[in-house]
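A short reminder: the numbers here are calculations on the coordinates, not readings from a lab. Small disclaimer: the values here were computed from a predicted structure and weren't measured. With ideal geometry, Cβ positions are generated from the backbone for all residues, glycine too; neighbour counts draw on all protein chains shown.
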Amino acid sequence: MERIVLAVIIGLFILLGSIYAIVTPAFEASDELWHYPMVQHLAAGNPLPVQVFDPALAGPWNQEASQPPLYYYMAAALTFWIDQSDMAEVRRLNPHVDNGVITPDGNTNLAIHDPEADPWQGALLAVRLVRLASVLLGALTVYLTYRIAAEVTPRRADVALGAAAINAFLPMFLFISGAVNNDNLAIPLASLAILLMIQIVAKRVTVHYPVRWWEWVALGTVIGLAILTKEGTLGLVPLAIGTAVVVAWQAWLAPQNVTIHKRQLEDPAGANGRKTLCFKEQLKKVIASLIVSLILIALPALLIAGWWYYRNIVLYGDWLGWNAFISVLGQRAHPASLAQLWGERYGFLMSYWGLFGGVNVPMASWIYNVLNAFLILTIIGFVLYIGQLLKAEWKLYRMSKLSWFIRSLRAVERNFALIVILVFTAAVIFGLVQWATTTWSSQGRLVFTALSALCTLMALGVAGLGDLTIKLFKLPISTRPFFIAVPVLFLFIVALAAPFLWIRPAYQPPPPSGALAERLDATFGDQMRLTGYEIEYDETRPGDTIRVRLEWDVVELMERDWSVFVHLNDPVLGRPIAQRDMYPGRGLLATSLLKPDQQLVDEFYLTIPPTAVAPADLELVVGLYDYSTGERLNVDGGDSLALGTIPLVAGEGPYPNPVSIFFENDLELIGCAVDPRRTTPGNIVDVITYWRPSRALPADYSFFAQVVATDTTRHAAADVAPPSPTSSWKPGEVYELGFPLALNPDTPPETYPLIVGLYTRTTDGGFDRLQIVNPDGRLTDDFLQLTKVRVDAP
């Protein structure tokens with residue numbers, strides 16, 4: 001029966017994974033847009049690309065050229081026979097995509113998809129084949145999860161099958177398994193390595209014969225393949241070393257050796273020297289065996305993957321190649337603290353359970369709440385399970401007549417499987433934390449390298465809660481499977497619904513709707529006609545969002561791809577303070593794919609910055625432009641069309657332009673004034689800010705204000721130390737600080753951001769800036785853009 005249930009779980013996984021692989025448009029899965037060009041490049045017979053340090057020259061694979069290549073070679077071997085000359089045509093990037101950002105108005109698609117393209121030809125066929133092969137690798141992971149959980153709890157079929165089912169029906173794992181992603185090979189290889197380590201030790205708990213040489217070679221081979229697939233599997237190396245040490249302990253604790261140890265303890269000097277000799281000889285044999293096992297692990301791993309890490313040293317001066325990877329990927333402006341990472345936990349868990357597309361297509365929020373509650377319960381249950389396990393081990397410990405040291409080693413031996421999955425999970429999480437402090441990588445899917453271990457731990461947590469419930473309510477043991485069946489059924493329903501409720505709709509243009517309330521007839525360059533619009537807003541204050549809907553008719557076929565822009569222009573600056581740019585059809589439709597008389601209705605959400613200067617009358621304008629050249633289509637004798645004026649009302653408060661923006665340590669900016677906001681080079685811009693601490697500040701801070709260009713050139717700067725040190729500021733009181741910003745005489749005419757912030761000096765002469773704290777507790781930038789300043793020609 002157990003095998004039948006496992007076969008059903010794996011079969012359902014393959015079915016669901018295939019649905020995800022087919023429903024998700026090509027290049028719309030996490031990083032597939034860059035993973036697949038690596039596959040296509042190698043399939044064409046090219047050598048491995050060299051990762052450049054300039055993002056503009058990185059190539060279509062972006063940062064993925066720094067990734068170990070085994071998965072890409074495997075995928076290339078599957079697709080080399082397919083003519084992929086249409087790669088550039090089908091892989092059309094959306095220049096405006098909100099990658100990693102959840103938006104209310106779409107624009108989530110990473111690529112543009114021709115609805116008439118055949119998904120079973122050329123590069124699209126190759127992508128589908130690699131995806132389906134990846135689904136089979138995912139099925140292997142599900143099976144290995146079952147085997148690992150069965151080793152951890154040999155007599156608990158509910159735990160083993162539950163772990164496999166949690167793994168199989170995890171929506172994000174299904175999504176990644178149905179995508180071109182090197183995780184799909186790294187995960188089963190890591191799981192297989194963990195299983196081999198567990199089995200090597202478990203087989204010798206009762207049968208004390210030496211490990212056969214090929215077992216170590218097999219382990220080293222799997223580890224070599226894993227670290228040639230993804231560097232996140234490097235945590236397997238110290239675990240393999242630890243496994244070899246445990247096996248050496250087992251040899252040392254074999255029954256025939258325990259007698260020798262006991263005699264040696266009773267008679268350290270040795271009655272006739274023969275005992276000491278036996279002891280030393282046995283010790284030498286164990287150490288020699290340990291050394292041989294380490295060599296047998298290391299040799300295949302080095303032969304398989306060593307060349308790649310040596311190549312990194314030669315090319316990048318970094319055996320991991322992280323310097324090249326980060327130079328293209330980008331990094332945080334300010335290293336994240338543990339508090340900041342903790343503030344990102346909700347998004348982390350969303351992308352663990354299921355956050356699709358370019359990490360910007362979510363499920364319903366209540367689903368995350370249910371799954372997060374389930375996770376908390378499994379943690380509680382796991383603590384209960386560990387408590388029961390420790391209680392049983394303590395009983396065995398006290399009953400044993402051996403020395404405390406040998407009894408402790410026996411306990412490690414008995415629970416080696418659980419220890420391994422705990423240590424590997426901790427290693428993967430620790431590595432991700434280290435990585436996320438530097439890069440924007442707070443994504444739960446990045447711990448999937450340890451997914452088999454994580455699912456086993458979750459199943460153990462459910463078992464712990466179930467056993468306690470059975471004990472408290474005196475339920476029959478036969479009810480155990482029920483406790484794991486309930487969350488598994490919920491996961492299955494969510495996993496089945498996700499492709500149809502959230503993934504597919506995200507990539508479908510909005511259907512035509514009824515005519516919008518405001519009618520007009522404005523033709524842009526004889527190509528697109530704006531026939532109606534609606535603007536929705538209440539009394540608008542800084543920080544509010546307005547909704548704009550536009551109704552279009554396609555006039556003629558277009559060769560170029562025009563982007564729609566909607567701007568809210570500041571009357572003083574003559575520049576937008578809020579804008580939304582995207583292709584029509586929620587970003588999905590390039591105008592070169594539209595047909596005459598086709599009708600579209602789009603919506604745009606524009607959020608006014610909380611620091612916007614008010615009162616003001618903001619002008620709402622729309623237009624069409626070519627993203628690659630900046631050229632705009634003419635309309636009514638101009639390059640944009642004004643749809644109306646939106647009055648911006650000042651917020652309430654005794655200070656000018658009241659705001660509520662918190663920096664670290666509960667220091668709040670509550671108001672500001674900038675005069676003038678439009679000037680010429682050489683003049684002074686006066687900035688007044690108002691600050692209120694919520695608690696005593698722990699240090700004396702200096703404040704800064706700067707007018708900066710996009711290339712970080714400072715055209716004006718002022719640093720101010722408050723008249724009274726900030727450590728003496730009283731909570732609740734308001735402190736005013738002014739900054740006279742003198743613009744450089746050679747400042748080029750342009751509109752520039754005006755930023756403010758605060759800092760302390762570090763011991764090495766650097767600066768340690770305070771970061772902004774979002775309302776949800778996340779730390780973000782270490783400066784605040786107050787407004788913009790327009791500099792005109794003198």
At what distance in nm do the modelled label points of SER85 and ILE493 sit from each other, each positioned 7 Å from its Cα along Cα→Cβ?
5.2
Taking ILE608, ILE376, ILE14 and counting other C-beta atoms within 10 Å, the order from fewest to most
ILE376, ILE14, ILE608
The helix 404-414 Cα axis meets the longest alpha-carbon principal axis of the chain at an angle in degrees, between 0 and 90 and rounded to 10, of 60
Can you figure out the FRET efficiency of THR469 with VAL5, using R₀ = 22 Å and their beta-carbon distance, to the nearest 0.05?
0.50
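Return the subset of LYS285/LYS395; LYS230/LYS285; LYS203/LYS285; LYS203/LYS391; LYS391/LYS474 for which the Cα-Cα distance in this structure is over 27 Å, preserving the input order.
Values: LYS285/LYS395 33 Å; LYS230/LYS285 36 Å; LYS203/LYS285 20 Å; LYS203/LYS391 25 Å; LYS391/LYS474 21 Å.
Result: LYS285/LYS395; LYS230/LYS285 exceed 27 Å.
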Before rounding to the nearest 500, sum -39500 (n - 2.57) across all DSSP H runs of length at least 4 in the chain and divide by the residue total; then give [θ] at 222 nm in deg cm²/dmol.
-14500 deg cm²/dmol
To the nearest Å, what is the center-to-center distance of region 369-387 and region 527-598, using C-alpha atoms only?
47
Can you give me the Cα centroid spacing of region 19-65 and region 302-327 in angstrom?
19
Based on C-alpha coordinates, I'd like the Rg and Dmax of region 637-676, in Å.
16.5, 53
Please state the Cα pair-distance histogram of region 661-791 with 5 angstrom bins from zero: what percent is in each bin?
2, 10, 20, 22, 19, 14, 8, 3, 0
Counted charge near SER452, where neighbours are those whose Cβ lies closer than 14 Å (Asp, Glu -1; Lys, Arg +1):
-1
Mind listing the Cα extents of the chain along all three principal axes, in Å, largest one first?
106, 69, 63
Could you derive backbone 3J(HN,Hα) for region 302-313 from the dihedral phi with the Karplus parameters 6.51, -1.76 and 1.60 (θ = phi - 60°), listing whole Hz in sequence and x where the residue is Gly or Pro?
5, 5, 7, 10, x, 4, 5, 6, 5, 4, 4, 4
So who's got an amide H within less than 5 Å of the one on VAL685, skipping anything under 5 residues away but keeping other chains? H placed 1.01 Å off N, in plane.
LEU741, ALA742, LEU743
Starting from region 645-731, pick out the GluC sites (Glu not before Pro) whose DSSP state is loop and whose Cβ has at most 12 other Cβ atoms within 10 Å.
GLU652
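Once R0 is set to 22 Å, what does the formula 1/(1 + (r/R0)^6) return for the Cβ-Cβ distance between LEU375 and VAL486, expressed as a FRET efficiency to the nearest 0.05? Walk me through the intermediate numbers first.
Values: r = 15 Å, r/R0 = 0.66.
The formula returns an efficiency of 0.90 here.
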Near-label residues of region 589-630 by backbone N, under 18 Å of a point 7 Å along Cα→Cβ of GLN579:
604-610, 612-613, 618-630
Size of region 20-120 as Cα extents on the principal axes (Å, biggest first)
42, 35, 23
Report the calculated FRET efficiency for ASN99 and GLU281 (r = Cβ-Cβ distance, R0 = 60 Å), to the nearest 0.05.
0.40
Expressed as a rounded percentage, what relative contact order does region 661-791 have, with Cα pairs under 8 Å and six or more residues apart?
29
For region 287-423, what is the convex hull volume of its Cα atoms per residue in Å³?
218
Be a star and scan region 531-571 for residues whose amide nitrogen sits under 11 Å from the point 7 Å along the Cα-to-Cβ vector of ALA515.
532
How far, in degrees from 0 to 90, does helix 122-152 lean away from the longest principal axis of the Cα atoms of the chain, to the nearest 10?
40
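Express in nm, to one decimal, how much length is gained between ALA288 and THR713 on full extension, taking 0.36 nm for each residue of separation and deducting their alpha carbon distance.
Values: separation 425, 0.36 × 425 = 153.00 nm, distance 6.31 nm.
Separation in residues times 0.36 nm, less the Cα-Cα distance, equals 146.7 nm.
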Report, by chain and number, residues whose modeled amide H sits under 5 Å from the one on GLN771, excluding near sequence neighbours (fewer than 5 apart, same chain).
GLU664
Show the residues, 5+ positions off or on another chain, whose built amide H is closer than 5 Å to the amide H of GLY106.
none
Hey, what angle do you get for helix 416-438 against the long axis of the chain, alpha-carbon based, 0 to 90 degrees rounded to 10?
20
Which part of region 558-600 falls in the paramagnetic zone of GLU631, meaning amide N under 14 Å from the point 7 Å along Cα-to-beta-carbon?
558-563
What is region 16-110's relative contact order, in percent, from Cα pairs under 8 angstrom and six or more apart in sequence?
28
P(r) for region 585-739: what percent of alpha-carbon pairs falls in each 5 Å bin, starting at zero?
2, 6, 11, 13, 14, 13, 11, 9, 7, 6, 4, 2, 1, 0
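Subtract the Cα-Cα distance of ILE241 and ASP318 from 0.36 nm times their separation in residues, and report this length gain in nm to one decimal.
So the chain would gain 25.3 nm between ILE241 and ASP318.
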Cα extents of region 519-648 along the three principal axes, largest first (Å):
43, 26, 25
For region 667-723 and region 460-478, what is the centre-to-centre distance using only Cα atoms, to the nearest Å?
61
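Over the chain, what is the mean sequence separation of C-alpha contacts under 8 Å (at least six apart), divided by residue count, expressed as relative contact order in percent?
So the answer I get is 12 percent.
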